[in-house]
1. Within the set of other residues whose C-beta is less than 14 Å from the C-beta of Arg319, count the net charge using Lys and Arg as +1 and Asp and Glu as -1.
2. What is the fewest-to-most order of Cys242, Cys455 by other Cβ atoms lying within 10 Å of their Cβ?
3. For Rg and Dmax of the Cα atoms in Å, the choices are (i) 27.4, 81; (ii) 47.8, 162; (iii) 29.5, 95; which was calculated from the structure?
4. With a cut-off of 8 Å between alpha carbons and a minimum separation of six or more residues, what is the relative contact order of region 170-307 in percent?
5. At most 15 other C-beta atoms within 10 Å and a DSSP loop state: those are the exposed chymotrypsin sites (Phe, Trp or Tyr not before Pro) I care about. Give me the longest piece of the chain that has none.
6. List, in the order given, every pair from Lys350/Lys450; Lys147/Lys230; Lys23/Lys336; Lys61/Lys121; Lys178/Lys289; Lys23/Lys125 whose Cα-Cα distance in the structure shown is over 20 Å.
7. With only Lys, Arg, Asp and Glu charged, each at its Cβ (+1 for the first two, -1 for the last two), find how big the charge dipole of the chain is about the Cα centre; round to the nearest 20 debye.
8. State to the nearest 20 debye the size of the charge dipole of region 341-414 about its Cα centre, where the only charges are +1 on K and R beta carbons and -1 on D and E beta carbons.
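Each reported figure results from applying straightforward, stated rules to the coordinates on display, with no laboratory input. Just so you know, these numbers come straight off a predicted model, no measurement behind them. Virtual Cβ from ideal backbone geometry, glycine too; neighbours counted across all protein chains shown.
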Amino acid sequence: MQRKSLSSPGESPDLDRYAEIIKSGRYFRKISLVPLKGMLRHGEFVTLNAEEYLIRENHTKPPELIVLLEGSLAVTSQDHFIMRLNHPGDVVGEMSVVSSNPKPYADVIAEEDSQVIIFPKHLFKVAEGDTKVSVAYYIFSHILAEKLRHVTAQSLLKKNGRSHQDLSPLIGVLDPDKECRVKIKSVLENVWKKASLIELESYQEFLENPFENHFDFLIIDPEKIAEGSKQTDSIRNLIEICSAHLAPMLIISQFCKKEENRQLLAELSVADFLQKPFSDFDLQHLLTKFRKDHYRRKELEQVEIAADTDKLTGLANRRKMDEFLDAMVTLFPEEKQPFSFIIADVDHFKHYNDAHGHQLGDVVLASVASIFKNSIRRGDLAARFGGEEFVVILPNCEKDNAVLIGNKLRLAIAAEKIPYQEQQPLGNLTCTFGVAAFPEDADTKELLLKKADDCLYKGKSGGRNRVVAADPL
């Protein structure tokens with residue numbers, strides 16, 4: 001490993017180049033080059049050989065913020081993969097900068113020859129009583145905000161991918177002790193009959209793919225994950241990974257016997273724990289509490305869903321659509337997942353309303369919405385855009401496939417039995433569709449909406465009851 005300070009005075013071609021590279025990263029795009037170069041002067045340029053460690057887990061050293069310039073870094077804990085940094089401007093170490101724990105929670109290793117810039121923790125501190133903040137502190141705050149924005153976007157898309165009709169809670173039990181798992185299952189069947197249970201007997205099995213299942217509740221015995229000096233840090237890492245599920249946790253373990261261990265669990269935001277051996281009554285009491293809390297949360301979720309739902313059609317409303325579209329655009333630089341946008345308009349809807357009244361007009365809108373709802377994939381979003389306009393957002397869908405989906409919807413609507421449809425100017429009740437894809441046809445949300453709307457207008461002008469796709473950029 002070679003380290004070189006970037007604090008040399010005057011202009012530096014290398015500094016300019018590094019700033020341009022980092023600015024292309026997802027967390028730095030909105031930061032201008034001048035403050036970015038100012039921050040870089042406080043950093044160190046580090047070159048790493050393949051398989052060389054930049055950070056070793058549990059080695060006491062001053063926390064640092066690491067920004068990738070070139071190459072690929074893997075973040076692991078106890079030899080379990082956590083994440084990869086392989087895009088210029090990717091960042092790791094921000095949590096150690098804000099944490100009071102001097103020991104890193106993970107290893108950072110170069111997967112190939114790599115270059116990074118490292119910034120010391122003190123650079124991002126603000127002295128007590130100081131009314132001004134440094135440029136570095138401003139940039140660091142921006143990084144945290146951008147990371148939160150990306151996490152929020154990912155959460156929104158994952159939430160949309162889950163079926164709201166399936167209210168059966170999924171409970172994970174991670175415990176190597178088969179006898180204990182059997183006892184937990186027996187009590188659970190009496191207390192929470194609607195719950196589904198997944199038993200995990202090996203930590204390795206869970207850590208290799210911790211997000212394979214979306215758990216509503218986790219029961220864990222972390223004690224045997226490691227022994228001796230490594231136990232506390234291993235338990236800390238396990239619970240932090242479990243916390244990413246955003247699900248309540250119950251620790252059932254002999255580990256809870258010591259007060260200092262219970263204090264550790266409390267520090268990790270684990271509010272409920274039970275010492276082994278335990279009685280059926282104690283477990284029933286805790287599970288009953290969790291069951292009641294679960295359904296309270298579900299009630300709140302239903303309120304949120306109602307706030308995001310168009311009352312007449314049952315589809316997502318305009319606010320929800322805007323949030324979803326923002327999330328897709330936000331995550332594209334990271335995930336490189338193209339998506340398509342379809343906008344549809346009921347042909348001659350005003351004619352139908354004027355001839356048959358608003359009540360039957362509402363029947364038409366509800367019927368069309370039902371076709372949209374029943375025709376999309378899980379993870380797609382169908383929304384009422386306003387009036388007689390509808391949209392569908394199709395993640396991971398190229399334009400050609402979106403056109404096929406648009407035609408499928410068009411034919412289904414034309415085949416729907418709707419009162420007085422034969423009295424429409426086209427002899428049937430139909431819809432016209434406009435299709436645009438991101439980033440093939442548009443590189444901003446606003447342009448995507450405009451191009452899809454322009455296609456809709458072309459379809460209307462060209463005779464209606466058709467699907468028109470946008471031209472690429």
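1. Values: positive: Lys311, Arg318, Lys320, Arg384; negative: Glu304, Asp308, Asp310, Asp322, Glu323, Asp326.
So the environment of Arg319 carries a net charge of -2.
2. Working: Cys242 22, Cys455 25.
Listed from fewest to most nearby Cβ atoms, that is Cys242, Cys455.
3. Looking at Rg and Dmax of the Cα atoms in Å for this model, the match is (i).
4. Working: 156 pairs, mean separation 32.6, N = 138.
It rounds to 24 percent for region 170-307.
5. Details: sites that count: Phe211, Tyr420.
Between the exposed loop sites, the longest stretch runs 1-210.
6. On the way: Lys350/Lys450 23 Å; Lys147/Lys230 30 Å; Lys23/Lys336 18 Å; Lys61/Lys121 11 Å; Lys178/Lys289 24 Å; Lys23/Lys125 23 Å.
With Cα atoms farther than 20 Å apart: Lys350/Lys450; Lys147/Lys230; Lys178/Lys289; Lys23/Lys125.
7. With only Lys, Arg, Asp and Glu charged at Cβ, the dipole is about 1060 debye.
8. Details: 8 positive and 9 negative charges, 62 e Å.
About 300 debye.
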